[in-house]
Amino acid sequence: MNGTTPGGNERYERKIQEGLERSYNLAKERKHELRTGIDQARFVIFSDHHRGVRDGADDFQRCEKAYSAALGYYLESGYTLIVLGDAEELWECRPAPVVASYRATLLLEAEFHKQNRYYKMYGNHDDYWEKESGIQKLLGPIFGPSLLIKENLRLLVDHENGQTREIFLVHGHQ
């Protein structure tokens, strides 16, 4: 093999690598990071909910009860919630109706935010959240004005031996 996946395309793979490297360097430059000690590290990470407008194409509505129950458990147990992109399906739906359709679920996520235990990244299906104006207009009334939605996050975990391990979180559409 010459460095590609079977049937792969080197140019395509190089573009993916460049996109991820760009995102990582941006995370370092902008200090999109969360530092924690190994003993305090309690995270739950979800992605690709694709919440829609509760129509026949909205797959999330089938798992909403289970997700809400899980969030209740993780909230009470002291976890930090990380939503890693494509939480809302904004390729097929307008943002305002999606937010209105899942206001109760978003209010539950906002409880994590109130306790400084909430991080949200945007993906390719909800890159509307890349714009501060959209965040404040639609999610601000639920989460408050301090909500930031980022492209990426560096999770830095300090160990007792003085070493720091890093996990790079990104939706992966780059």
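Restricting the search to the range 49-61, which residues are in a loop (DSSP other than H, G, I, E, B) and either of a type in the set (S, T, N, Q) or in contact with a Pro (Cβ under 6 Å, 6 or more places away or on another chain) (or both)? Before you say what the answer is, go through the steps one by one.
Keep residues of the range 49-61 that are in a loop (DSSP other than H, G, I, E, B), which gives 49-50, 52-59.
Passing the criteria: only 53.
In the list 59, 39, which residue meets the criterion of being surrounded by fewer than 18 Cβ atoms within 10 Å (Cβ to Cβ), at pLDDT below 95, under 26 Å from residue 154 (Cα atoms) and among the charged types (D, E, K, R)?
Working: 59 fails: under 26 Å from residue 154 (Cα atoms).
Among 59, 39, only 39 is surrounded by fewer than 18 Cβ atoms within 10 Å (Cβ to Cβ), at pLDDT below 95, under 26 Å from residue 154 (Cα atoms) and among the charged types (D, E, K, R).
Answer yes if at least one residue in the range 80-89 is more than 24 Å from residue 173 (Cβ to Cβ), of a type in the set (Gly, Ala, Ser) and touching a residue at least 24 places away in the same chain (Cβ under 8 Å), and no otherwise.
Initial filter on the range 80-89 (more than 24 Å from residue 173 (Cβ to Cβ)): none.
Within the range 80-89 (the criterion being more than 24 Å from residue 173 (Cβ to Cβ), of a type in the set (Gly, Ala, Ser) and touching a residue at least 24 places away in the same chain (Cβ under 8 Å)), the answer is no, since none of the residues qualifies.
Mind checking whether some residue in the range 77-89 is farther than 30 Å from residue 37 by Cα and in contact with a His (Cβ under 8 Å, 6 or more places away or on another chain)? Spell out the reasoning first.
Quick first cut of the range 77-89, residues farther than 30 Å from residue 37 by Cα only: 88-89.
Retained after the next criterion (residues that are in contact with a His (Cβ under 8 Å, 6 or more places away or on another chain)): 88-89.
Yes - at least one qualifying residue is present in the range 77-89.
Listed here are the residues, each with its yes/no results for (1) of a type in the set (Phe, Trp, Tyr); (2) part of a helix (DSSP H, G or I); (3) in contact (Cβ under 8 Å) with a residue 40 or more places away in the chain.
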position: 15; (1), (2), (3): no, yes, no
position: 20; (1), (2), (3): no, yes, yes
position: 92; (1), (2), (3): no, no, yes
position: 96; (1), (2), (3): no, yes, yes
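Could you please let me know if residue 150 is basic (Lys, Arg), closer than 18 Å to residue 43 by Cα and in contact (Cβ under 8 Å) with a residue 60 or more places away in the chain?
Values: basic (Lys, Arg): yes; closer than 18 Å to residue 43 by Cα: yes; in contact (Cβ under 8 Å) with a residue 60 or more places away in the chain: yes.
So residue 150 fits the description; yes.
Filter the range 31-48 for residues that are under 15 Å from the mean Cα position of the chain (by Cα) and either without any contact (Cβ under 8 Å) to a residue 40 or more places away in the chain or not in a loop (DSSP other than H, G, I, E, B) (or both); which is nearest to residue 94 (Cα to Cα)?
46
Just one of (1) hydrophobic (A, V, I, L, M, F, W, C); (2) closer than 22 Å to residue 54 by Cβ; (3) more than 16 Å from the chain's Cα centre (by Cα) trips up residue 139, so point out which.
(3)
From the residues in the range 62-88 that are in a loop (DSSP other than H, G, I, E, B) and hydrophobic (A, V, I, L, M, F, W, C), which one is most open to solvent (accessible area, probe 1.4 Å)?
Here is the first cut: in the range 62-88, the ones in a loop (DSSP other than H, G, I, E, B) are 63, 77-79, 85-87.
After this cut, where a residue has to be hydrophobic (A, V, I, L, M, F, W, C) as well, the list is 63, 87.
Values: 63: 59, 87: 0 Å².
Among those residues, the one meeting the criterion is 63.
Do you know which residues across the range 112-134 are among the hydroxyl-bearing types (Ser, Thr, Tyr) and either assigned to a helix (DSSP H, G or I) or open to solvent by less than 10 Å² (accessible area, probe 1.4 Å) (or both)?
Within the range 112-134, the subset among the hydroxyl-bearing types (Ser, Thr, Tyr) is 118-119, 122, 128, 133.
Within the range 112-134, 128, 133 meet the criteria.
So residue 109 fits all but one of (1) assigned to a helix (DSSP H, G or I); (2) in contact (Cβ under 8 Å) with a residue 12 or more places away in the chain; (3) within 30 Å of residue 160 (Cα to Cα); what number is the exception?
(3)
Taking only the range 40-67 into account, find how many residues are under 30 Å from residue 168 (Cβ atoms) and of a type in the set (S, T, N, Q).
Step one: filter the range 40-67 for residues under 30 Å from residue 168 (Cβ atoms), giving 40-52, 59-60, 63-64, 66-67.
Cutting the leftovers down to of a type in the set (S, T, N, Q) gives us 40, 47.
Selection size over the range 40-67: 2.
Got a number for residues in the range 139-169 being among the hydroxyl-bearing types (Ser, Thr, Tyr) and surrounded by 15 or more Cβ atoms within 10 Å (Cβ to Cβ)? Walk me through it before giving the result.
Pass one, the range 139-169, residues among the hydroxyl-bearing types (Ser, Thr, Tyr): 146, 164.
Applying the additional criterion that residues be surrounded by 15 or more Cβ atoms within 10 Å (Cβ to Cβ) yields none.
Going through the range 139-169 one residue at a time, the tally reaches 0.
The values are calculated or read from the model by the stated rules, or taken from the named source; none is laboratory data. Everything quoted here is computed from the prediction, not taken from an experiment. So basically every Cβ, Gly included, is an ideal-geometry build from the backbone, and we count neighbours across all protein chains shown. Side chains are part of the model used for accessible areas, which takes the heavy atoms of the whole protein and leaves out ligands, DNA and RNA. Shrake-Rupley method; radii C 1.70, N 1.55, O 1.52, S 1.80 Å.
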